[in-house]
Amino acid sequence: MLKRFFIFCSGADTDILDQCSAGEQTKYAGIGATVFFTAVMAFIASAYALYTVFDNYATAIFFGFIWGLLIFNLDRFIVSTIKKRNNFFDEFLQATPRLLLAVIIAIVIAKPLELKIFEKEINQVLLEEKNEMTLANKDQLALQYTPQLTAYTSEIETLKKEVTDKETEVNTLYDTYISEAEGRAGTELLGKGPVYQEKRDKHDAELAALTELRKTNSEKIVAIESSMTLLSEEYNTKVADTQPVIDGFDGLMARVNALNKLPWLPSLFIFLLFLAIETSPILAKLLSPKGVYDIKLEEEESAVKTWNEQQAQQRAVMLTTDTEVNNRVYSDIAEEDELYDYKRKKARELLQLQADAFHKKQKRIIG
C-alpha cells in the first residue's frame, strides 16, 4: 500500500509500471517518497512562516497545508515530465528549467526553517534592534519638545535673573544709606540726617518692589514649571504609545533581516541540504540509466503518435477523394438540358416578382 502511494507520488504511469520488474517499481517508489517528504517539509516550513505572520495555529496549518499540496503537485509534475532520451545533454537541457525551479522551491522551503532553527539568535538580534529603536524613538520625539522646554528654561532663568539683579540693586542702596549714617560716604556726617532719610526711603521703596517682584516672578516660575511638567508628561505618553509598535517589531520580514545579519555559513548548509532534497528526484531521473519503464513509455507514446499521424493522413486522403467526386458530379449535372431549363424558368419567375414588387412600391410613393 505504501509502495503504491509513493509510486503515485512519483507521477509514473502505474499501468506501464506494473509490467516492469520489482527493481524498476522500487526506483520510482523512492523518487515518489522524495517528492512526498519534500512536500511535508514545505508544509512545516510554510506553516511556521505563516504563524509568525498571523499568530494563529489554525490559519497557519490551513494555508501551510495548501502550500504543501502546491509543492507536492509541482514536484510531481516536474519529475513526471522528464523523459529519458538517448543523449544526456538533451536530457539535461530538458531538465534545466526544472532545476532552476527546484532551486527557487528550495529557497522558499529552507528560509522559514532557518528562522525556526536560529530562533534564539534571531531574538537576540531583534532585542538589540528594538533597544536601538527605542532610544532613537525617544530622541526623535524629544526633538519635538526640546525647543519648547529650552524656551521655558530660558524664561525661568530670565525671571530669576531679574530677582537677582533687583536684590543686588537693593543691597547696594542698603550699603549706601548705612554708609551715610556712619559717615563713611555721601556727606560724611555721622548720624541720620535728611540725606540719610532720603536714601533710606529709596531703599525701602526698592525693597518693597523687590518683594513684589519676588512674588510675581515666583508665580510665573511656578506656572512655567507646571507647563514643563505637562510637556514632559505628554512626551512620556507619546513614548509609551509608540513603544508597542517597537515591541511588535518581530514579524516575518524583521526576522528574515535579522537572519541575514547572522553568519551566512550555517544558513548556506541548510539551503544546500534542502536543495539536495529538492533536486534529488530530478537528478535521480537524469543519472539513472534508461530502464524498462522508460522504454515501454516511449513505445506507447510512439504508438499513439503513429496512430494520430495515420488518422491525419487518412482524413486528408478522404477529403481529397470527396472533393474529386463532388467536382465530377457537379460537372456532369452542369451539362444536363433539363436542369438548365428548370433554372431558366425559376429565374424568369423571380425577375417577374421583383418587377411587380418594384411597381407596387413606386405607386405607393407617388400616390
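The values are calculated or read from the model by the stated rules, or taken from the named source; none is laboratory data. Please read all numbers here as calculations on a predicted model, not as lab measurements. Reconstructed Cβ throughout: ideal geometry from the backbone, glycine too, with neighbour counts over all protein chains shown.
The table below gives the values:
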{"read-out": "Of all residues in segment 91-123 being farther than 19 Å from Thr38 by Cα and modelled with pLDDT under 80, the one that is surrounded by the most Cβ atoms within 10 Å (Cβ to Cβ)", "value": "Glu91"}
{"read-out": "Residue check for Leu286: under 30 Å from Val35 (Cβ atoms) and either loosely packed, with under 10 Cβ neighbours inside 10 Å or out of contact with any Cys (no Cβ under 9 Å at 6 or more places or on another chain) (or both)", "value": "yes"}
{"read-out": "Filter result for the condition that a residue is of a type in the set (Asp, Glu) and over 30 Å from Cys20 (Cβ atoms), over Asp294, Asp322", "value": "Asp322"}
{"read-out": "Cross-chain or 6+ apart pairs with Cβ under 6 Å, segment 222-238 first and more than 14 Å from Thr146 (Cβ to Cβ), then part of a helix (DSSP H, G or I)", "value": "Ile224/Tyr152; Ile224/Glu155; Ile224/Ile156"}
{"read-out": "Hey, Gly11 under 16 Å from Ile82 (Cα atoms) and touching a Cys at 6+ places or on another chain (Cβ under 9 Å) or not", "value": "no"}
{"read-out": "One residue from Ala181, Ala205, Ala209, Ala223 being assigned by TED's automatic domain parsing to the domain that holds Pro147, modelled with pLDDT under 80 and either among the aliphatic types (A, V, I, L, M) or loosely packed, with under 11 Cβ neighbours inside 10 Å (or both)", "value": "Ala181"}
{"read-out": "All helices (runs of 4 or more DSSP H) inside segment 9-90 with 2 or more residues being without any contact (Cβ under 8 Å) to a residue 24 or more places away in the chain, surrounded by fewer than 17 Cβ atoms within 10 Å (Cβ to Cβ) and among the aromatic types (Phe, Trp, Tyr)", "value": "57-81"}
{"read-out": "Among the residues listed as Phe274, Phe269, the single one being surrounded by 14 or more Cβ atoms within 10 Å (Cβ to Cβ), of a type in the set (A, V, I, L, M, F, W, C) and in the same structural domain as Ile71 (by TED's automatic domain parsing)", "value": "Phe274"}
